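A short worksheet on the structure shown next.
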Amino acid sequence: MTKPAMEIMNSWDDSFGMKAERLFAEVWARDILSVRDRRLLLIALLVGLGGLDQQVEVQLDAALRAGELSADELREVVAFLTHYAGWARGSHLGSQVEDLIERLNQD
């Protein structure tokens with residue numbers, strides 16, 4: 001890629017990143033749903049879509065560390081989503097939740 005093309009791409013990446021960050025911040029800052037509600041919705045969506053393990057882990061970790069969901073509440077999310085997302089996804093989510101809880105308890 002030529003130097004001017006690289007500069008345009010880098011500029012676009014920076015602009016896109018700033019816009020995306022602002023948009024996500026605005027979506028999460030709206031006051032109709034709580035952050036906890038948004039987190040639950042996002043976790044359910046990611047699990048339902050499947051194949052997004054890293055994103056699920058980020059959201060589980062954020063929910064637990066921020067106190068939005070307790071360990072018991074995360075376990076209840078697993079039980080609930082297993083019935084709607086299927087046994088395989090629910091079982092995998094359960095493993096993710098238990099691994100996260102164990103890691104955080106060791107800290």
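Numbers at a glance
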{"item": "Summed residue charge, Cβ within 12 Å of ALA62's Cβ, Lys/Arg positive, Asp/Glu negative", "result": "+1"}
{"item": "Inter-probe distance in nm under a simple model that places probes 7 Å from Cα toward Cβ, at MET18 and LEU49", "result": "2.6"}
{"item": "Per-residue ³J(HN,Hα) for the range 17-27, Karplus 6.51 cos²θ - 1.76 cosθ + 1.60, θ = phi - 60°, Hz, x for Gly and Pro", "result": "x, 5, 5, 4, 4, 5, 5, 4, 4, 5, 4"}
{"item": "Kirkwood Rh and Cα Rg combined as Rg over Rh, evaluated for the chain", "result": "1.12"}
{"item": "The chain - mean residue ellipticity at 222 nm from DSSP helices (-39,500 (n - 2.57) per run, n ≥ 4, rounded to 500)", "result": "-28500 deg cm²/dmol"}
{"item": "Estimated vicinal HN-Hα couplings, Hz - the range 49-56 in sequence order (Karplus 6.51, -1.76, 1.60; Gly, Pro = x)", "result": "5, x, x, 10, 4, 5, 5, 4"}
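Readers should treat all values here as calculations from the given coordinates under stated rules, not as data from a laboratory. Everything numeric here is computed off the predicted structure, so don't read it as measured data. Backbone-built Cβ (ideal geometry, glycine too); neighbour counts: all protein chains shown.
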